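Take a look at this one; I'll ask things after.
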């Protein structure tokens, strides 16, 4: 059996797990604070963990935020370990109890230094999932030092991951992992210029103004997840028929753009460790997307979209094809 920790910020980590899971033969137990998805692959168990960031009421009856309970970083050694927090204690205990009574052959951690440490202390080989950005701080270095394998979800030579220098013997760059890897394209060759706004890349006001300018210029405008009422479960047909896609610079979004061979405008969002800024710089350096700042005006957005429409990015460098299977092979290499 393989254990798998899924971080609860956003849906990118669980999407990555679901892309890799069909390529694994072993049973998988997923641990996460996220609720169980509506559908899981066969032989997959979901263990929902309690939150470790809720405010708690102490013996004195005072309600305190998790950060107020003590030094949550243990003097900079860890990222998040709130002192005396019942949820934090219960989630680690739940993982430890599961490992103690079930034969876990390997543990994938995406991502948490603390869970990597726990799994390794329990004697379970660990696979840490790397991320872009400046991860050279002490907790990240500790997590990578503890990991038996480091799964890098990007193509070799694309992401300049300084934190992995000196650990190359354990790093496995598998290419960008997309949920649409291997899916046939559904092109719409109707001669219409279409732009797709994917996710929350722009604030509502600038999004509306940009859409208005594009519509006036003859573009057909579509969106998916860019507002409150435009959630789309399957964006693949929209990605394929779009002339240009406007997206944030998250790993999963960019992998999906690569799978669709899309022309794109990418807007890096503010994230810890400058993850998306790092990704945007790499995309620009490889000529894969037009990149604009998070405060770009609607007129600047329209100009970037027009420029993107005239490009022909070579997404093969991103190595999406087969990346999920290569990630599964990395996990099974350790689980044997």
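For residue 90 and residue 294, FRET efficiency with R0 = 35 Å and r from the beta-carbon atoms, rounded to 0.05?
Details: r = 37 Å, r/R0 = 1.07.
For R0 = 35 Å, the calculated efficiency reads 0.40.
What ratio of Cα Rg to 2.2 N^0.38 Å holds for the stretch 194-317? Could the numbers behind the result be given before it?
On the way: Rg = 13.1 Å, N = 124, 2.2 N^0.38 = 13.7 Å.
My calculation over the Cα atoms of the stretch 194-317 gives 0.95.
Now, a different point. If I take every Cα pair under 8 Å that is 6 or more residues apart in the stretch 194-317, average their sequence separation and divide by the length, what percent do I get for the relative contact order? Can you show the working numbers first?
Numbers: 210 pairs, mean separation 32.0, N = 124.
Relative contact order here is 26 percent.
Also, quick follow-up: How large is the helix-only mean residue ellipticity at 222 nm for the chain, computed as the sum of -39500 (n - 2.57) over DSSP H runs with n ≥ 4, divided by its residue count, in deg cm²/dmol to the nearest 500? Mind showing how you got there, number by number?
On the way: 10 runs with 107 residues, N = 336.
Helices in the chain give a 222 nm mean residue ellipticity of -9500 deg cm²/dmol.
Does the stretch 240-310 come out rounded, prolate or oblate, given a ≥ b ≥ c as the square roots of the eigenvalues of its C-alpha gyration tensor, rounded meaning a/c under 1.5 and, failing that, prolate meaning a/b above b/c? The partial results should precede the final answer.
Details: a/c = 1.79, a/b = 1.15, b/c = 1.55.
Oblate is the answer for the stretch 240-310, as a/c is 1.5 or above yet b/c matches or exceeds a/b.
Could you check which residue among 128, 178, 32 shows the biggest mean-square fluctuation in a GNM of the chain with a 10 Å Cα cutoff?
The residue that fluctuates most here is 32.
Also: How many percent of the alpha carbon pairs in the chain exceed a separation of 35 Å? Working shown, then result.
On the way: 15029 of 56280 pairs.
For the chain, the share of Cα pairs beyond 35 Å comes to 27 percent.
Something else: Roughly speaking, what is the stretch gain from residue 230 to residue 39, that is 0.36 nm per residue apart minus the C-alpha to C-alpha distance, in nm to one decimal?
On the way: separation 191, 0.36 × 191 = 68.76 nm, distance 2.12 nm.
This chain segment gains 66.6 nm when fully extended.
Here's a follow-up. Report the residue, chosen from 69, 198, 34, that carries the largest GNM mean-square fluctuation when the chain is represented by alpha-carbon nodes joined by springs under 10 Å.
69
While we're on this one: Return 107, 273 ranked ascending by Cβ neighbour count within 10 Å, so the fewest neighbours appear first.
Numbers: 107 30, 273 16.
The most exposed by this proxy come first: 273, 107.
Restricted to Cα positions, what overall size does the stretch 157-202 have along the principal axes? Three whole-Å values, descending.
For the stretch 157-202, the Cα extents along the three principal axes come out at 51, 29, 17 Å.
Hey, another quick one. Return one number: the angle in degrees, 0 to 90 and rounded to the nearest 10, between the long axis of the Cα atoms of helix 298-309 and the longest principal axis of the Cα atoms of the chain.
For helix 298-309, the angle is close to 80 degrees.
Here is a further query. 7 Å from Cα along Cα→Cβ at both residue 138 and residue 217: what's the point-to-point distance in nm?
Taking the two extended label points, one gets 5.0 nm.
For helix 275-285, what angle does its Cα long axis make with the longest principal axis of the chain, in degrees from 0 to 90 and rounded to 10?
40 degrees
Another question about this same structure. Round to the nearest 10 and give me the degree value, 0 to 90, for the angle of helix 86-101's Cα axis relative to the longest principal axis of the chain.
80 degrees
Here, each number is a calculation from the coordinates, and none is a lab measurement. Everything numeric here is computed off the predicted structure, so don't read it as measured data. Neighbour counts run over all protein chains shown; Cβ positions are idealised from the backbone, glycine included.
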